[in-house]
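J.: Below is one structure. I have some questions about it.
The values are calculated or read from the model by the stated rules, or taken from the named source; none is laboratory data. Here the structure is a predicted model, which means the values were calculated and not measured. All accessible areas refer to the heavy atoms of the entire protein, side chains included, with ligands and DNA or RNA removed. Shrake-Rupley method; radii C 1.70, N 1.55, O 1.52, S 1.80 Å.
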Amino acid sequence: MAKSGTTTQGLRTAIERSGYYPALVAEAVEAAVGGEPISSYLVHQETTFDSNEVRRHVTVLVLTGNRFIVSHTDEQAADAGSPSPYATTSTESVKLSSISSVVLSRVVANPESYTPGTLPREVVLTIGWGAVSRIDLEPAACGDPNCDSDHGYTGNSTADDLSLRVSEAGDGPEAVRQTLVFAQALSEATAATSATPAR
């Protein structure tokens with residue numbers, strides 16, 4: 001389920017509707033936002049199956065005039081370290097000028113007959129700001145198949161701080177639409193920030 005909008009009260013209502021520890025999630029998000037007006041938000045609650053356990057977690061994305069705030073809450077079953085179940089909530093506040101990439105991948109059925117405006121079957125929103133990078137290395141080679149020299153390594157570095165997958169089948173068409181709205185607002189905000197001259 002995903003909910004999006006632009007007001008503090010709307011954000012609280014969306015968190016409450018998700019039904020996932022709303023008091024805990026709302027307090028963490030509101031503390032991170034402070035008194036800043038909200039430009040856009042997205043609340044995404046997801047259920048995953050891990051072996052014999054059902055695990056739920058919620059991600060809340062908030063856009064203000066100056067910052068992108070991401071909050072993630074998930075629950076843990078009782079274990080050797082904790083005799084009762086518990087939840088962990090984290091929030092991160094990122095300056096809009098620090099966001100290096102906003103990637104929106106769309107999966108569309110029957111692309112040969114695609115009509116503009118049709119909702120994708122699935123979207124994946126990936127946002128990078130440099131906190132987490134993934135490096136994929138492999139041995140470098142030259143074009144000579146008989147060469148046995150050491151050419152070192154080659155690879156790619158990918159910013160992968162946050163990736164959120166929303167599908168029509170799992171989350172509903174409205175969740176896909178709301179993710180598209182938030183992604184556009186974030187893209188526009190980062191573009192405006194990069195166009196503003198430094199003072």
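J.: Once amide H atoms are built 1.01 Å from N in the peptide plane, which residues 5 or more positions from R121, or in another chain, come under 5 Å H to H?
T.: V107, V108, A109
J.: Heavy atoms of the protein only, probe of 1.4 Å, neighbouring chains included. What is the accessible area of R55 in Å², nearest 10?
T.: Looks like 60 Å² after rounding.
J.: Still on this structure, please answer the following. So how many Å³ per residue does the convex hull of the Cα atoms of region 64-103 work out to? Don't skip to the end; give the middle numbers.
T.: Values: hull volume 4.1 nm³, N = 40.
Expressed per residue, the convex hull around the Cα atoms of region 64-103 is 102 Å³.
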